[in-house]
Amino acid sequence: MRELIGSHDLLFVTLDTLRHDVAAELAAAGRTPNLVRALPGGVWERRHSPASFTYAAHQAFFAGFLPTPTTPGPHTRLFAAAFPGSESTGEQTWTFDAPDVVHALADAGYHTLCVGGVGFFNGKSPLGGVLPALFTEAHWEPEFGVSAPRCFEAQLDRIATVLPTVPEDRPLFLFVNVAAIHQPNRHYLPGADRDTRESHAAALEYVDRHIGRLFALATSRDRPCLVLLCSDHGTAYGEEGHSGHRLGHEVVWTVPYGQFVLEPGDWGKPGDWPPSEQSG
């Protein structure tokens, strides 16, 4: 990443609450073709999250502690806030003298833009305002949140409006927290009256139908774009009696991760993708 700072835009997407096992199964079954197209080799990396719920995971992510490969380490980090004694920084690590990567990128000339999803990005409470306050520009509306069935489309509509206002001569750091997969997700599975592993999968299929528009938007500024795509944590649907997250279970700690570079034109133009009023 160190060699890309300044020349590449950066897109960091967290698919909030997405389980690795569900993501991998859908990819293998051909149910998420756009994600498979984007991911190296068409597969998700299996990684461990640094935390079991959104707020803690994102605080760790922004400090440089991205989900860690499940093989024995130490594993060199992509970027890291400098601190004495770190054993996971290497020659290719972008190390910065700032408390988080958002401020470090701003110091490097980036316009930092957050489009939030779940409640920890809503800015309507002191706690919900902590993560958005890291960014130069942050957006959240109820239509982006967990209870809105078209939340991802609404976020994409906002991104399409905001991107033209970003100065062309400045690189962009765009962070998007996608709320669709977080509970409640039953509305993505016709006839469902409760959230299940199956409705979780249906929510991911919904995200997949629209993720190409995000990639087209991210490369519409005629710059190559480094993409980080992962979940912050998983969630339980009755495994060993557990429900939800913020608990230490395998389905919560294990998350999907993908990292790749997109070139302008790889995903066409944003207008090539169905407008929100015609999509499902």
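Annotation: Cα Rg of the stretch 219-258 relative to the compact-globule expectation 2.2 N^0.38 Å equals 1.75. Looking at the chain, the DSSP beta bridges with both ends there are about 35 percent antiparallel. Compactness of the stretch 127-280 is given as radius of gyration and Dmax, 16.7, 53 Å, from Cα positions. Kirkwood radius and radius of gyration were both taken over the C-alpha atoms of the stretch 36-119, and their ratio Rg/Rh is 0.98. Each Cα pair under 8 Å and six or more residues apart adds its sequence gap; the mean of these over the residue count of the stretch 70-216 is a relative contact order of 18 percent. Against the criterion of solvent-accessible heavy-atom surface with a 1.4 angstrom probe, R158, R213 sort, most first, into R158, R213. Each part reduced to its alpha carbon centroid, the stretch 102-134 and the stretch 216-279 end up 18 Å apart. In whole angstrom, the stretch 71-196 maps to an equivalent ellipsoid with semi-axes of 31, 21, 13, each derived as √(5λ) from the alpha carbon gyration tensor and ordered largest first. For H233, neighbours were defined as the other residues whose beta-carbon sits under 10 Å from its Cβ, and their charges (Lys and Arg +1, Asp and Glu -1) total 0. Go ahead and run the numbers for FRET between E141 and A98, Cβ-Cβ distance against an R0 of 35 Å, rounding to 0.05. Efficiency, from the Cβ-Cβ distance: 0.75. Gain on full extension, evaluated as 0.36 nm per residue between S125 and T70 minus their Cα-Cα distance, stands at 16.3 nm. Counted residue by residue at 0.36 nm each, then reduced by the alpha carbon distance between them, the extension gain from R37 to T196 reaches 54.6 nm.
Taking 4 °C and 1.567 mPa s as the conditions, I'd like the Stokes-Einstein D for the stretch 1-155 in µm²/s, using the Kirkwood hydrodynamic radius from alpha carbon pairs.
75 µm²/s
Compactness of the stretch 1-67 was expressed as the Cα radius of gyration divided by 2.2 N^0.38 Å, which yields 1.28. Relative contact order, whole percent, for the stretch 219-279 stands at 44, derived from Cα pairs under 8 Å and 6 or more residues apart.
Residues considered: D193, D21, D107. Largest GNM mean-square fluctuation over the chain, using C-alpha springs under 10 Å, is found at D193.
The values are calculated or read from the model by the stated rules, or taken from the named source; none is laboratory data. Quantities reported herein were computed from a predicted structural model and do not represent experimental measurements. Counting neighbours? That spans all protein chains shown, and the Cβs are built from the backbone with ideal geometry, glycine included. To get the accessible areas, we keep the full protein, side chains included, count just its heavy atoms, and leave off ligands, DNA and RNA. Shrake-Rupley method; radii C 1.70, N 1.55, O 1.52, S 1.80 Å.
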